[in-house]
Amino acid sequence: MARGWWRDAVLYQIYVRSFADGNGDGVGDLPGVLDRLPHVRDLGADAIWLNPFYRSPMADGGYDVADPRDVDPLFGTLDDADRVFERAHDLGLKVVVDIVPNHTSHRHTWFVAALAAGPGSAQRARFLFRDGRGPGGAEPPNNWLSQFGGPAWTRITEPDGSPGQWYLHLYAPEQPDLNWRNLEVRCEYLSILRFWLDRGVDGFRVDVAHGLVKALGLPDVPAGVPQGWEGRLGHPLPYWDQPEVHDVYRTWRRLLDSYADPDARIGVAEAWGPQGDRLAAYTRPDELHQAFNFPYLTAGWDAARLRAVIDDTLATAATVDAPPTWVLSNHDVVRPVTRFGGGRGGLDRARAAVLLELALPGSAYLYQGEELGLPEVEDLPAELREDPVFVRSGGALPGRDGCRVPIPWAGQSPPFAFSTHSRAWLPQPEAWAGLTVEAQRREAASTLALYRAALRIRREHPALGSGPATHRLDWHEQGVPAGVLAFAREPGFVCAVNLTGGAVRVPPYGALLLSSGPVDPVDGDRVVLPADTAAWWSTGG
Ligand code: GLC
């Protein structure tokens, strides 16, 4: 590889709770991950990213961390974590873990101490406590809203029993925001990074990376500007993307680079707000290594929008010498099969979409279950849903449980070898019997087979994967109908994707390497690319 393994790596996201259950309690855990790691190796990914497995009351699926230096008993022990890291490395997989710096759990010792210590204390200064507005301080300190609905402030009762200050939580009330203008907070996170680096991890996925530092004075959001889950992309807000946040990542980069090979340990930013240059700023050479490309994830099945995002991504990444990244799916969004329309059509589009994604220059993120073509589970009973997005919106928003349903591994009925328990923590549809890893392994035309073939070709073809680190592609316009995305990468590779909704004829580019559906040659001089199909050709030169 050119420089740094991460520049063109394919990272496979493991949502630990829903990957595999090793101890038979119906919930996925680290021993389960250990057991199933060969699946990731066989798939052909380069690395795993593990969602949080730290001690947590699980108010937000583990993103409410009570002790960032320990493993929650639900997921196993620190020894189990070490074993996963070691096994992954033995299998040739790098390991990226989550770090959650924007907030802690309300059960974190720091927050418990802050409640006990009272206004003006050093303990409260680690979080964002403020007096309320209005008579008796009964109104929240400003108009900020929680991503999960309702105000971003909760009022506490002081130790003497009187109505007290308010604390900020951009997410659930169980997730108090830290004060990143406080030196102790900054030092603590450097120490947490060191703790996991010393155990051998290869990097961190930085949760809410754009949210750490809030605008001085915590000013109100101007009237009419959307906030909350729905307004995640787009508008400037006083709690997202403040310039001072970049100082944090400069410090982190120095620490990451101080470990052995300076190009070996990475940070990847989860930042839903910033776009274009503002997003690229997180991956300047002295900051983090990558940032998730959410404009790409949200571009939909639309040729013009995808092309615009691809061009913008390549251009902005080049300005900071960072690898472009691509992502279709994660534990926070509706699964692509369903997003792209559901049913056979949705599956066709999701299969075509991944061939487009994996042909693009740079690095790609896959989310567990994507390789099986799993749809979103939309009919989960309300009483089983756990996501605070669902709970706090009173059921108005479906939330994210539907993309977190446990993986079907084998067998004819739930829990499909996910667990030895009779039930998984979220029920899998009976219809997933045909989508298990075991069933798809036997089928040449399965989505699993498509992902494996794509990752193998990506590794082997000189234009893809570890090919020249030029991060460029050349769009083909000649003889290509509108609504088809076709591009070449050197040496000798073409990808074409048909988003027109009907069959089209494209030039015969060369030898067909792989296609997401049937592709027929016609008269030797044009090739029929059916609707919602992508294909890769080797052009031999
Ligand atoms: C990130 C996580 C999401 C979590 C939120 C709060 O967006 O991906 O799952 O709810 O941060 O930590």
(message) Tell me the residue from Pro222, Pro173, Pro159, Pro141 that is part of a loop (DSSP other than H, G, I, E, B) and in contact with a Lys or Arg (Cβ under 6 Å, 6 or more places away or on another chain), please.
(response) Pro141
(request) Name every residue in region 502-526 that is out of contact with any Leu (no Cβ under 8 Å at 6 or more places or on another chain) and within 20 Å of Phe487 (Cβ to Cβ), in order of residue number. (result) Pro507, Pro508, Tyr509, Gly510, Ala511, Leu512, Leu513, Gly517, Arg526
(request) Taking Ala352 as the residue in question, decide whether it is more than 16 Å from the ligand (Cβ to nearest atom), assigned to a helix (DSSP H, G or I) and more than 30 Å from Leu426 (Cα to Cα). (result) no
(request) Could you check, for region 99-114, whether at least one of its residues is hydroxyl-bearing (Ser, Thr, Tyr) and within 16 Å of the ligand (Cβ to nearest atom)? (result) yes
(request) Among the candidates Asp321, Asp257, single out the residue that is free of Cβ contacts under 8 Å to residues at least 40 places away in the same chain and either within 16 Å of the ligand (Cβ to nearest atom) or more than 25 Å from Leu455 (Cα to Cα) (or both). (result) Asp257
(request) Identify all residues within region 291-324 that are in contact with a Leu (Cβ under 9 Å, 6 or more places away or on another chain), polar (S, T, N, Q) and farther than 21 Å from His476 by Cβ; write none if there are none. (result) Asn293, Thr298, Thr316
(message) Give me the residue from region 64-98 that is of a type outside the set (D, E, K, R), out of contact with any Leu (no Cβ under 7 Å at 6 or more places or on another chain) and within 16 Å of the ligand (Cβ to nearest atom) and, out of that set, farthest from Glu386 (Cα to Cα).
(response) Pro68
(request) Please find, among Leu170, Leu197, the residue that is within 16 Å of the ligand (Cβ to nearest atom), more than 18 Å from Thr109 (Cα to Cα) and at pLDDT 95 or above. (result) Leu170
(request) For Val389, state whether it is away from the ligand (no atom under 16 Å from the Cβ) and surrounded by fewer than 24 Cβ atoms within 10 Å (Cβ to Cβ). (result) no
(request) Report, by residue number, each residue of region 490-504 that is modelled with pLDDT under 95 and either part of a strand (DSSP E or B) or basic (Lys, Arg) (or both). (result) none
(request) Would you be able to say whether some residue in region 48-57 is touching a residue at least 60 places away in the same chain (Cβ under 8 Å), in contact with a helix residue (DSSP H, G or I) (Cβ under 8 Å, 6 or more places away or on another chain), more than 16 Å from Asp72 (Cα to Cα) and of a type in the set (Val, Ile, Thr)? (result) no
(message) I'm trying to understand the selection: among the residues of region 63-78, which are in contact (Cβ under 8 Å) with a residue 60 or more places away in the chain and either under 21 Å from the mean Cα position of the chain (by Cα) or under 13 Å from Asn23 (Cβ atoms) (or both)?
(response) Tyr63, Asp64, Pro68
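The values are calculated or read from the model by the stated rules, or taken from the named source; none is laboratory data. As the structure is a computational prediction, the values presented were derived from the model and not from experiment. Heads up, the Cβs are rebuilt from the backbone with ideal geometry, glycines too, and the neighbour counts pull from every protein chain shown.
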